[in-house]
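The values are calculated or read from the model by the stated rules, or taken from the named source; none is laboratory data. What you are looking at is a predicted structure, and each value in this text was computed from that prediction instead of being measured. Cβ coordinates were reconstructed from backbone atoms using ideal geometry, including for glycine residues, and neighbour counts include every protein chain displayed. Side chains are part of the model used for accessible areas, which takes the heavy atoms of the whole protein and leaves out ligands, DNA and RNA. Shrake-Rupley method; radii C 1.70, N 1.55, O 1.52, S 1.80 Å.
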Amino acid sequence: MDPESLFSLHDHLEMLSRHDDPLDVLERTVDFEYLRVWLVDGLSYGDSSTGGRPPFDPAAMFKILIMQAQHNLSDARMEYMIRPPAELDAVSGFCARRSHPRRNTIRHFRNRMTETGTLMRVMKAFDWQLHKKAYIGMSRQIIDASLVPAPKQRNTDDERQAIKDGESAQDI
């Protein structure tokens, strides 16, 4: 991948897709449009006719929370991870950095989902979709696949029987 190329970002994204990018796997596995109805209803999103900045897409914000939990990222780190690269700004002709959620927005979204009880309902639907596609969500699991030789048994058959009978090591 040539870093000076105009298409280097596109090439990089294609390479990620070929190697099962976690975002692509998540998109193929979970129907976020199904969850969008629950999110909009639970968070009481209005029609924004009263003015103000329109809210970020609730399904996209939920994806951010999923990726944040999956990779154990802080709000500040997640803000950094979803910020578009500078090359994208130059190609698109506008400053895309202003259009992504900041750390406070992510925190506020998570807190609002928790306060309204939406997070629990949407996570149940999210887990149901994962289970339906034969995925099991597991967190904080440490799996050690190294091979370690088992300790060799050095006791004779008579000594093992004496241990089972309750004799002390000094008596044996």
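Look through the range 69-90, keep the residues that are open to solvent by less than 90 Å² (accessible area, probe 1.4 Å), modelled with pLDDT under 80 and not in a loop (DSSP other than H, G, I, E, B), and return whichever of them is farthest from Leu23 (Cα to Cα). Break it down stepwise before answering.
Start the filter on the range 69-90 by keeping residues that are open to solvent by less than 90 Å² (accessible area, probe 1.4 Å), which leaves 69, 73-76, 78-79, 82, 84-86, 88-90.
Right, trim to modelled with pLDDT under 80 and you get 84-86, 88-90.
Now narrow it down to the ones that are not in a loop (DSSP other than H, G, I, E, B): 86, 88-90.
On the way: Ala86: 21, Leu88: 19, Asp89: 22, Ala90: 24 Å.
Taking the candidates together, the pick is Ala90.
Hey, among the residues in the range 21-68 that are basic (Lys, Arg) and modelled with pLDDT of 80 or more, which one's most open to solvent (accessible area, probe 1.4 Å)?
Step one: of the range 21-68, the residues basic (Lys, Arg) are 28, 36, 53, 63.
Among the residues that remain, those that are also modelled with pLDDT of 80 or more are: 28, 36, 63.
Details: Arg28: 146, Arg36: 62, Lys63: 57 Å².
Once the filter is applied, the top-ranked residue is Arg28.
Return a yes/no flag: does the range 130-148 have any residue that is farther than 30 Å from Val25 by Cα, open to solvent by 100 Å² or more (accessible area, probe 1.4 Å) and modelled with pLDDT under 65.
In the first step, residues of the range 130-148 are kept if they are farther than 30 Å from Val25 by Cα; the result is 147-148.
Within this subset, residues satisfying the condition of being open to solvent by 100 Å² or more (accessible area, probe 1.4 Å) are 147-148.
Those left that are additionally modelled with pLDDT under 65: 147-148.
Checked the range 130-148: at least one residue is farther than 30 Å from Val25 by Cα, open to solvent by 100 Å² or more (accessible area, probe 1.4 Å) and modelled with pLDDT under 65.
Going residue by residue through the range 1-10, is there one that turns out to be at pLDDT below 85 and surrounded by 14 or more Cβ atoms within 10 Å (Cβ to Cβ)?
So in the range 1-10, the residues at pLDDT below 85 come out as 1-10.
Going one step further and asking which of them are surrounded by 14 or more Cβ atoms within 10 Å (Cβ to Cβ), we end up with 8-9.
Yes, that holds for at least one residue.
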